[in-house]
Structures are given as C-alpha cells and as structure tokens.
Amino acid sequence: MALDRDFAGALADVVGAGHVHQAPGDLAVYARDATPLFHQVPDAVVFPATTEQVARVLRLATAHRVPVVPRGAGSNLCAATVPVRGGIVLALTRMTQILEISTDELLARVQPGVTTARLADAATARNLLYAPDPGSRTTATVGGNIATCAGGLRGLKYGVTRNYVLGLEAVLPTGEVVRTGGRLWKDVAGYDLTRLLTGSEGTLAVITEATVALLPAPAESNTGVAYFESLTEASRAVGAIISAGIVPATLEFLDRKCVAVVEEYAGLGLRLDAGALLLFGEDGPLATVAANMLRMRQICAETGALEVTVAEDIVRSEALLAARRCSLPALSRLGSLTVLEDVTVPRPRMPEMVGRIDEIADRFDLQIATFGHAGDGNLHPTCVLDPDDEDAVGRVHKAFAEVFRAAIRLDGTITGEHGVGSAKLPFLADRLGATQLGLLRRIKTAFDPAGILNPGKLGS
Amino acid sequence: MIFSKTLLDRCISCGYCLPACPTYAMTGDEASSPRGRISLMRALETGHLEDDDPTLAEQASFCLGCRACEPVCPAGVEYGNLLEEWRDHQWSGRRSPLPARLLMALVSRSWLVRAQGLVRRHARTVTSASGPSLMLGCVERGLFPRVSHAARKLAPGLSVPKRQGCCGALHAHNGDSGTGERMAKSLGDALPGTIVTTSGGCAAHLAAHVGRPRVRELSEYLVEHDHLPSGRLLVDGRVARVALQDSCHLRNGLGISRQPRELIRAVAEYVELPSAGACCGAAGTYSILRPRESGEILSVKIDEIEAAEVDFVVAVNPGCLRQLKTGLRKRGSRVRAVHLAELLVIVPR
Ligand SMILES: Cc1cc2nc3c(=O)[nH]c(=O)nc-3n(C[C@H](O)[C@H](O)[C@H](O)COP(=O)(O)OP(=O)(O)OC[C@H]3O[C@@H](n4cnc5c(N)ncnc54)[C@H](O)[C@@H]3O)c2cc1C
Ligand code: SF4
Ligand code: SF4
C-alpha cells in the first residue's frame, strides 16, 4: 500500500525528498532483518538526521495513524524490525556521531546509529572499556543494542547493555522529546524510565541519543580453549569454575558442529574431533589474569577436558573471540536456512537443558547445533536445514516451541538477549502470565496512545 | 534462473558485511549494502522486482565490485560471482553502460591490444615452451609499458610470449562473463606454465578460470621464489617512506596482502594507510561510469596519503595506479604513485 500523497510530501519536507524512499526496490531491502522466515515490505523508508526530524516524523505518523518501525542495523534475530503492519521504517543509520567521550566522568554520549564496535574502539583509544560485547558488534548499532538490551561475550562478569546506560534522549510517538537519566551513576528521581526504555524493542519511543558508562580498560586479558567429550561435560566444567569463586570475563561454548564451521571460516587450527569446545577468558591486573587462567586450566583438566591450551598472545586471544562471535553466520555453511534461538536457564540446569535440546532434535529429526554464553546459562540452539523442505520447516517451529517450554520448565526464559520481536510474541504469555502482559499493554498505551510505534511486537 | 541457487541461498542476512562496504558507508542505506544487494537479487530472481526496476539498475552500477564484503562474510557468500551473474542479466546487450561497452569492444580485439603495446614499447617478447610466462595486460601495456620491463628485471626467468590478448576481466565485471571466461581460457592456452601477472584484477579473474595454481601475481611470485630485493631506496639521503594501496581483487579475491608489504619493507620504510585495504574508487570501469562517487572515495584516500607524508604510494594494479596518479596530480601533490615493480627496480643494488 502506498502512502497518502500529502503525507509522503510532508515527510519529504521534514527530512528532504532524497531521504524518503518509496520505490519498490528500495522498500524490498527493508522487508526483513537477520531473522529467517519473516518478511513484510514497508510503505516507505525514512532516514532522519536529527532528533528534531525524528520528532516531526513521529508527530506526522501519529496524526495519520501510520506505523513506524525504528531500525538500526537490522541485525536482530527475532523479527523486531520487520514492519509486520507496513508503514514506515525509520532508519537511524545517518545518525552516526560520537558526541563526547569523557575520561574523567567515564562516559560516552553517542547518536543511535553508531556501531558498537566504533564506540568500543573509540573508548579503547582512550584506554577505556565499553563492556557490552554482542557477537554482532561490528554491525549492530548502540541504539539497537539498547532497544534489545543486548548481551554478549562479557556478560557474566560485566553484565549486559542495561548496566551501562546512564541516560537517554528519546522521542515519544506523540513527538515529545524526553531526557531520562543523565550523566550520573546515582540518580533515583522518579520511575526508572531509562531502564524501561532499555529492552523496549522500539515499541515505546525512538532513542535519539544515549549516554553510556565506560570503565577503565583492564591492563591485561587472555583467552584459553578447552576441549571436552560433549557439551554436557563442558557445562559441568562451567559449574565448577563458578563454584570455585571465579567470575571470568569470558565463558563460551560451542558444540562439535559449530567448531567445524568456525574453523572452516577462521582457520585457527581448532581441534575437530572433540564434542565441545569451551572458551574461557579473564581480564584485569596481570597477576589476577595469570592466577585465574591457571585455576581455570586446572579445573577444566580436573573435570575431564581432553586438552587445554591458552592463547600465547593478545592477537591469538582476539582471534579466538572473533571466531566465537561469528558462529551463527558460519553455521549457514551447513545449509542455507539457519534458525537460531536464544534460551536462558539457571546455570546449574544447563546440562539438563543441553540434554533436552538434543532429545528434541532427535525426536523431530533435525540437525540442531548449540553454542552459547555458558557463563550466563544463555544457549543458542541453532537449526540448519534446507528452506525448500517444507516438512522440515514445519518441524522446526514445533521443535523450538518445545525448546521454549523446556526452558521455562527449568526456571529459565524464552529469550536471554535477542528479544521477543514478532517471532517470539506468541510465547510471551507463557513466560509472563496474563497479569504482567496486561500491565505491559497499559504501559505501551501510556507512551503510544495511537499504537503506531512498532505494532505487532511488545505491548500489542 | 538468473543466479546459481546455491550462491544466492548462502546469505543469511546477518549483516556482518555491512561495515566493510564502502557504498554503504556513503549512504547508510540498506539498498547499497552487500546484504541489501543480495535481497535485490533475490527479488529479481523471484520476480518481485521487474528487470527494469530503477533500484536494480542503480545498485548494479553503484556497487564497486570491490568484494570487500567477501572475506568478512562468515557464511562464505561468493559475492563477486553473484555480482557477475547479476550484471550479466542487468547489463545484457544494449542495457550495459555505453562507455563499458566501448571499452570491452576495444580490448576484445586482440590485434588492437597488441598494437598499442608495441607502440608504447612494453617488455620485449621472449619465448619459452614451458613458462613461467609474464602476462602483459591490456590496459597496462598501453598505459604503463614500463611495468613489464621492471617485472622482467626483477624476475629474469620469466618469458614474455607473443600474441597475448586480454584476459577478459573487464567483460566479466561489466555484464559479459561468458566472453570474460572464454578470453581467460584462451589467454591461459597462449601462456605456457605458471602465469605471472602484474595486475591484481587480472590475477583474480584468471585464477577463477584457469585455476588458482597456475596464476601468480608478481609480489606473490617474487616472495615465493625468494626474489626479495636488497638495498635501500633513498630520498634526500634518508630511507624512503612508502605506502601501499591494496588491489581489491588481489586482497579480497585471492587473499594476497602480506607479500607486497613484505617487498616494500625490504627496501624502504613501510607506512600503512588507514584505509589501505579499502577500494580507491578505480574499480575497473567505475571511475568512468560513476565519476562522482569514484572521486568522493578517491578524495579521502588522497587526504590519507598526504597526511601520511610518504614519498611513494604503491599500487599493484593498473587501474588503481591510474586512479592514484590522477588524484595526486589534481591535488598538486609531491607524492609519486608507482607500480610495485617500478618501485623495486629503482632501488640501487
Ligand atoms: C551474527 C550475530 C550475532 C549476534 N550476537 C548477539 C549477541 O551476542 N548478543 C545479543 O544480545 N544479540 C546478538 N545478536 C542480535 C542483534 O545483533 C542484537 O539484537 C542487536 O542489539 C541489534 O542491533 P541493531 O542495531 O541491528 O538493531 P535492529 O536489529 O535494527 O533493531 C532491533 C530492535 O531495536 C529497535 N531499535 C533499533 N534502533 C532503535 C532506536 N534508535 N530507538 C528505538 N528502538 C530502536 C528496533 O525497532 C528493533 O525492535 C546477534 C546477531 C547476529 C546476526
Ligand atoms: S553476505 Fe554474508 S555477511 Fe553479508 S549478510 Fe549475507 S551472510 Fe551475512
Ligand atoms: S563489492 Fe564492494 S561495494 Fe559492492 S557490495 Fe561488496 S563491499 Fe559493497
């Protein structure tokens, strides 16, 4: 459906005609994100450059009752940026300025379209650390990270994006601009709207600026690799490491299939015959890193590791982490449809969850590879299949529904970091219950009375 | 069927390639990103977009074909091949851009290619039944005839067979990959043994059609055969400062980036440009087809070269060399752009 002529003209007046795209080809490329099996062409793509433009676009959209879907890099894995009800995709990829980095306040102020890696690099250049570290860091935007409350490879020790957002500038669907939080670590005046907006998946407001906390960069870091018979064994080692009182910077695992494809891409010389690989890492003062790396090596050996090695230098250590980050796309080497899911369970229940996933895969006759942020109990079972095999596609849906149910039964959740989006909305009630779901809807109405912001997602 | 299904299916839209793409960096628009272009190809394949869709036409020519999206893709998407298939369809017959059509017509007349080389005096032909053979390159023998002389001096064992035509890379990148493939194969037949080329673009194209093992780009060949130059290149009594501009197809297509740096380091002080690995905007016929965008990319590059305070900037591909020379001349820069072979032969031994 094309936009009303007057409305399209008004949009062009706000952002400039060159920044409102309506040609079929230009729309087709915004029909999907990194989520397979979801697809809907928008009616227009609008590229604002300033907060003021975002506000005027939203005011117009509310007046005309046209849906608006905010979008960063479109790297999310839950169909969060698929415009399921059509309307406008609001692409924030022109707002890419790092506005400020303060070494004495330990914070950065950025526009939403800055990629996570660019922010992290800018921090590193001043000997600071931006801790959130999603696998998609080179592509994903800070706005998208905040809107999904992205986790990542440093989650266990440093927490997720939420822990680093100090303040936001955001535009409500009505066009009002709010500034939540600010530059302070301590500030309890009012409801914590900063946290409410963090993880709101573009359904409450459009983030136009973020102030995020930085940390002093750790002096030293290192990463090691341990090979195990199976993922279950590796998850026992994870339990033992944590019980020993160590909170490592990195604790990630990959099963045999993931190791094989990652090795094919990165060529690191990983061992291909083991059932699972555990990546463990630490950062901090030199002595702490040395001591904890040694302890973790010992624990892995004691819990039955087939082999344990430690990276000889920082380059090798970075290469190992980079390899882990790309496991999802690398998996598509096994087949062209790659459906990745994201469940979290309490850490002690991880071996059980791994077992349940294997059992479900067998029962539905599917190939499911698993990797994940072992330290947080966050698993990414990933199914690789042929998209033309309709029967298999049907089985995938059923199998993952069971995976979600199994996670909830183990006191876990249906998504640890990727979000609900459109893909998991049908399962949200199972996790939250009717009362909470109702409350979510009332909050949504308070922010977005016309219901134009990312409809068909949270709060719908 | 416009595209090989296995090629198109491989992309999972993860977006890992976005930050590597120079055209996406210019616009921030998904349509001008590798992932977006693959979406466009899919829409074309499935009939959701018409052949004459303006976005398809625009993006097929806006893409530099630099293949920077390939090495960063963990899924192993062969974007360069997809682009060739796309342009074959998009630019079939009269729909191909006129300047590209003219150039292709020129270089496919092998007598013409040979004649211009003779007029411009490239290296003397020397035959050997077994190779290794030095490939003269169609553009290079006309524009930079000194390069083949230099290559012969650096590797005297190379024979320079007569009757060499063009390798067809130009065709392959401009919507006629069938001809491109035929030309590569026939050149492969005309050049015995290992084929050594002084052009990154030709190297990658040849490797795709006559087999990687038969093709060596000059820097790769010199390093493999221990022809590391000795001596120091001096400027005003100090060691020269030298930067490199990678050839996209060499770096992204064949994975060669270490060897040219190693050779430069052997004779001079090597200076890494921040964007050495990113396209200079020459991109085959791009500077002719899209002068505005090409100039925009080049201007950033020239800024970097000036800021690096180097004496020489080295290219390993004639198109890039021409592009850099033009950019530096327009700026009145004192930095000289030279081919790697030319740099290495001026080093006093
Ligand atoms: C290979 C790969 C690895 C990944 N690894 C991780 C990982 O380790 N951890 C993790 O948590 N996720 C991971 N992801 C998922 C994804 O990268 C994250 O969800 C990321 O935060 C999305 O950022 P984006 O800029 O791409 O946002 P988008 O995908 O564009 O948007 C995501 C959501 O945020 C909203 N949004 C975006 N920008 C704004 C804004 N300015 N204001 C309001 N709402 C906005 C959108 O409406 C949407 O709901 C991975 C994805 C891939 C493909
Ligand atoms: S081309 Fe590769 S990196 Fe780019 S979106 Fe597709 S799979 Fe990901
Ligand atoms: S070939 Fe170069 S310009 Fe074209 S999509 Fe790939 S990275 Fe972008």
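Listed values for region A:127-140 are Karplus-derived 3J(HN,Hα) couplings in whole Hz (6.51 cos²θ - 1.76 cosθ + 1.60, θ = phi - 60°), namely 6, 10, 10, 9, 6, x, 9, x, x, 8, 3, 6, 9, 5, and x replaces Gly and Pro. The distance between label points at A:ASP389 and B:SER275 comes to 4.5 nm (points 7 Å beyond Cα on the Cα→Cβ vector). Loop sites here are trypsin sites (Lys or Arg not before Pro) outside DSSP states H, G, I, E and B with no more than 11 other Cβ atoms within 10 Å. The longest part of chain A free of them is A:187-460. Spatially, region B:318-337 and region B:28-43 are offset by 32 Å when compared through their Cα centroids.
Backbone N atoms of region A:432-453 closer than 13 Å to the 7 Å Cα→Cβ label point of A:ARG162 are not found in any residue. Spatial offset of region A:252-307 relative to region A:312-354 amounts to 12 Å, using the alpha carbon center of each. 3J(HN,Hα) along region A:454-460, derived from phi through the Karplus expression 6.51 cos²θ - 1.76 cosθ + 1.60 where θ = phi - 60°, amounts to 6, x, x, 10, 3, x, 8 Hz, with x in place of Gly and Pro. For region A:150-207 versus region B:157-195, the spacing of their alpha-carbon centroids is 59 Å. Computed per residue of the protein assembly as shown from DSSP H runs no shorter than four, each worth -39500 (n - 2.57), the mean residue ellipticity at 222 nm is -12500 deg cm²/dmol.
Between the amide H of A:VAL68 and those of A:ILE88, A:LEU453, A:ASN454, distances stay under 5 Å, these residues lying 5 or more places away or on another chain, with hydrogens modeled in the peptide plane.
In the elastic network of chain B, a GNM with C-alpha springs shorter than 10 Å, the most mobile of B:ASP236, B:ASP29, B:ASP176 is B:ASP236. Summed over both chains, the area buried between A and B is near 2300 Å², taken from the accessible surface of protein heavy atoms with a 1.4 Å probe.
Counting 0.36 nm for each residue step from B:ASP51 to B:LEU7 and taking away their Cα separation leaves a gain of 13.9 nm. Rounded to a whole number, what % of the accessible area of region A:56-181 do carbon and sulfur atoms account for, probe 1.4 Å? Accessible surface attributable to carbon and sulfur in region A:56-181 totals 45 percent.
Charged side chains reduced to their Cβ positions (Lys and Arg at +1, Asp and Glu at -1) give region A:352-460 a dipole of some 820 debye around its Cα centre. Between A:LEU437 and A:LEU37, the FRET efficiency estimated from the beta carbon spacing at R0 = 41 angstrom works out to 0.95.
Comparing B:VAL235, B:VAL160, B:VAL310 in a Gaussian network model of chain B where C-alpha atoms under 10 Å apart are linked, the largest mean-square fluctuation is found at B:VAL235. Structure remark: mean-square fluctuation, Gaussian network model of chain B, C-alpha springs under 10 Å; the largest value among B:LEU218, B:LEU328, B:LEU206 belongs to B:LEU328. Label separation (A:ASP273 vs A:ASP121): 4.1 nm, computed from points 7 Å beyond Cα along the C-beta direction. Would you be so kind as to list the residues of region B:2-19 that have their accessible area lowered by at least 10 Å² in the full protein complex compared with their chain by itself (1.4 Å probe)? Going by heavy-atom accessible area, the residues of region B:2-19 that drop by at least 10 Å² are B:LYS5, B:ASP9, B:ARG10, B:ILE12, B:SER13, B:CYS14, B:GLY15, B:TYR16, B:LEU18, B:PRO19. Taking every residue in B:35-43 and counting other chain Cβ atoms within 10 Å of its Cβ, the average works out to 4. For region B:148-276, the Cβ-based charge dipole about the Cα centre amounts to some 260 debye (Lys, Arg positive; Asp, Glu negative; other atoms uncharged). Here's the list of lysines a cross-link from A:LYS257 could span, going by alpha-carbon distance under 23 Å and ignoring same-chain residues fewer than 8 apart: A:LYS398.
Can you give the local net charge around A:ALA28? Use residues other than it whose beta-carbon is closer than 10 angstrom to its beta-carbon, Lys and Arg +1, Asp and Glu -1. Cβ neighbours under 10 Å give a net charge of -1.
The label point for A:ALA290 and the one for B:GLU224, both projected 7 Å from the Cα toward the Cβ, are 4.5 nm apart. Against the criterion of solvent-accessible heavy-atom surface with a 1.4 angstrom probe, B:ILE2, A:ILE452 sort, most first, into B:ILE2, A:ILE452.
Accessible surface for A:ASP187 stands near 80 Å², nearest 10, in the context of the full protein assembly shown (1.4 Å probe).
Phi angles across region A:440-449 convert, under the Karplus curve 6.51 cos²θ - 1.76 cosθ + 1.60 with θ = phi - 60°, into 3J(HN,Hα) values of 4, 5, 5, 4, 4, 5, 5, 7, 9, x Hz, Gly and Pro given as x.
The values are calculated or read from the model by the stated rules, or taken from the named source; none is laboratory data. These numbers come from a predicted model, not from an experiment. With ideal geometry, Cβ positions are generated from the backbone for all residues, glycine too; neighbour counts draw on all protein chains shown. The area values use the complete protein model at the heavy-atom level, side chains included, leaving out ligands, DNA and RNA. Shrake-Rupley method; radii C 1.70, N 1.55, O 1.52, S 1.80 Å.
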